[in-house]
Amino acid sequence: MLAAKTLPLSSPVTKVSNFPDSSLIFPKSIPAIKANRNILSNPFQASCLKTSLESVVAPDTQSYPGATRVKILSEALPFIQKFRGKTIVVKYGGAAMKSEALQASVIADLVLLSCVGMRIVFVHGGGPEINQWLGKLGIKPNFLNGLRVTDASTMEIVSMVLVGKVNKHLVSLINKAGATAVGLSGIDGHLLTARPSPNSEQLGFVGDIASVDPSVLRPLIDNYHIPVIASVAADKRGQSYNINADTAAGELAAALGAEKLLLLTDVAGILEDRNDPGSLVKQIDIKGVKKMTDDGKIAGGMIPKVNCCVRSLAQGVKTASIIDGRLQHSLLLEILTDEGAGTMITG
């Protein structure tokens, strides 16, 4: 599924050739993987881990010698120990959804993280796919302040594309990669209850989230299945609404008491200087985010993403990261290395 490359678990700016010389000190034993008997004593989970490791680490055996590949895996151990058994909510969209290579990278990352014991919840949108189908039906997409204006006919297409097409395609890819995915929307099991947006007169059936009931998710994530959730919800009368996927992911992360919320985006993260991609802010707290916003350094489309992260942190999520979905294996870089692949926001 992936291109024949071996994954270096390093930062996107670290040269691969220098990685084996890392001075990081790691434990000499491997208690974490053995300790989680529910994962590796289960034949399916063992097979799942084997499949995902093969797809990520060993497709091209000529690229790196065996000792280097083993060292890379061993250096991931402390991070696996740290996040094993924790819930991680990932919002998927943007370039990572449009590129087949990046899509394969994201799927492989999800499967690997699930197979080493992380409870993954995968939330997706699908704007480009919706636009494509609206075009086929002769409906011109219309946006207001970055939000899709959603009349009744557009809402019907949104539901068909997100729930019926994109969601099931992602489920199929995850299952094929060796994990077990279950496709849902916010409507299923009263997972998300919607309410009209304050600008509903202009936006139509674009909704906010009134409440979250994660009951339907808990048995899935406790058994290391991967819920794949389309960002469509309904109000108490059954009217469907188009929900911003970042917002859906943030509210789900809060309701599940997630360790991490990860938003895949088409930028490097929060930049000190919006015109300088090299000015990435690696880590920042809520106070720092507020100051950068007041100073105009966080603006435009980054504001709702940052607000989503801040809201989830205020409700108990440990960390929220805005990461560069244009990088292959950005999820692994963010979770299994110190360098990360974007900006991590803390409370």
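Which of the residues spanning the range 240-257 are of a type in the set (Val, Ile, Thr) and buried (at least 24 other Cβ atoms within 10 Å of the Cβ)?
Ile243
Please enumerate the residues belonging to the range 302-319 that are assigned to a helix (DSSP H, G or I) and either among the polar types (S, T, N, Q) or in contact with a Phe, Trp or Tyr (Cβ under 9 Å, 6 or more places away or on another chain) (or both).
Asn307, Ser312
If you take the residues of the range 192-203 that are at pLDDT 90 or above and within 14 Å of Asn244 (Cβ to Cβ), which of them is surrounded by the most Cβ atoms within 10 Å (Cβ to Cβ)?
Applying the filter and picking the extreme gives Leu192.
Determine whether the range 199-217 contains at least one residue that is within 19 Å of Gly250 (Cα to Cα) and touching a residue at least 60 places away in the same chain (Cβ under 8 Å).
Yes, there is a match, as at least one residue in the range 199-217 is within 19 Å of Gly250 (Cα to Cα) and touching a residue at least 60 places away in the same chain (Cβ under 8 Å).
Within the range 217-230, does at least one residue satisfy the condition of being modelled with pLDDT of 90 or more, surrounded by fewer than 20 Cβ atoms within 10 Å (Cβ to Cβ) and small (Gly, Ala, Ser)?
Scanning the range 217-230 turns up no residue that is modelled with pLDDT of 90 or more, surrounded by fewer than 20 Cβ atoms within 10 Å (Cβ to Cβ) and small (Gly, Ala, Ser).
Return a yes/no flag: does the range 83-92 have any residue that is of a type in the set (A, V, I, L, M, F, W, C), in contact with a Lys or Arg (Cβ under 9 Å, 6 or more places away or on another chain) and more than 19 Å from Ser185 (Cα to Cα).
yes
With the condition being among the hydrophobic types (A, V, I, L, M, F, W, C), I'd like the strands (runs of 3 or more DSSP E) fully within the range 180-267 carrying at least 3 qualifying residues.
181-185, 206-212, 226-230, 232-234, 260-265
On the basis of being under 18 Å from the mean Cα position of the chain (by Cα), modelled with pLDDT under 90 and either outside any loop (DSSP other than H, G, I, E, B) or of a type outside the set (A, V, I, L, M) (or both), does Arg326 make the cut?
Taking the combined requirement at face value, the residue satisfies it.
When you scan the range 128-136, do you find a residue that is in a loop (DSSP other than H, G, I, E, B) and either surrounded by 14 or more Cβ atoms within 10 Å (Cβ to Cβ) or among the acidic types (Asp, Glu) (or both), even just one?
no
Output the number of residues of the range 174-187 satisfying the condition of being in contact with a strand residue (DSSP E or B) (Cβ under 8 Å, 6 or more places away or on another chain), over 12 Å from Ile226 (Cα atoms) and surrounded by fewer than 24 Cβ atoms within 10 Å (Cβ to Cβ).
2
For the range 247-257, check the following and say yes or no: at least one residue is over 28 Å from Gly189 (Cα atoms) and of a type in the set (Gly, Ala, Ser).
No, the range 247-257 has no match at all.
With the structure loaded, tell me whether Ile335 is in contact with a Ser or Thr (Cβ under 8 Å, 6 or more places away or on another chain), over 23 Å from Asn244 (Cα atoms) and modelled with pLDDT of 90 or more or whether it fails that test.
When the stated conditions are applied, Ile335 does not pass them.
Of everything in the range 137-161, what is surrounded by fewer than 18 Cβ atoms within 10 Å (Cβ to Cβ) and of a type in the set (Lys, Arg)? Give them in sequence order.
Lys140
For the range 258-270, check the following and say yes or no: at least one residue is modelled with pLDDT under 95 and surrounded by fewer than 19 Cβ atoms within 10 Å (Cβ to Cβ).
Looking for residues that are modelled with pLDDT under 95 and surrounded by fewer than 19 Cβ atoms within 10 Å (Cβ to Cβ), one finds at least one in the range 258-270, hence yes.
Can you tell me which residues in the range 282-301 are surrounded by 11 or more Cβ atoms within 10 Å (Cβ to Cβ) and assigned to a helix (DSSP H, G or I)?
Ile286, Gly288, Val289, Lys290, Lys291, Met292, Thr293 - these are the residues of the range 282-301 that are surrounded by 11 or more Cβ atoms within 10 Å (Cβ to Cβ) and assigned to a helix (DSSP H, G or I).
Taking the range 222-268 on its own, how many of its residues are more than 28 Å from Val281 (Cα to Cα) and not aliphatic (A, V, I, L, M)?
14
The values are calculated or read from the model by the stated rules, or taken from the named source; none is laboratory data. As the structure is a prediction and not an experimental result, all values here were calculated from the model. Backbone-built Cβ (ideal geometry, glycine too); neighbour counts: all protein chains shown.
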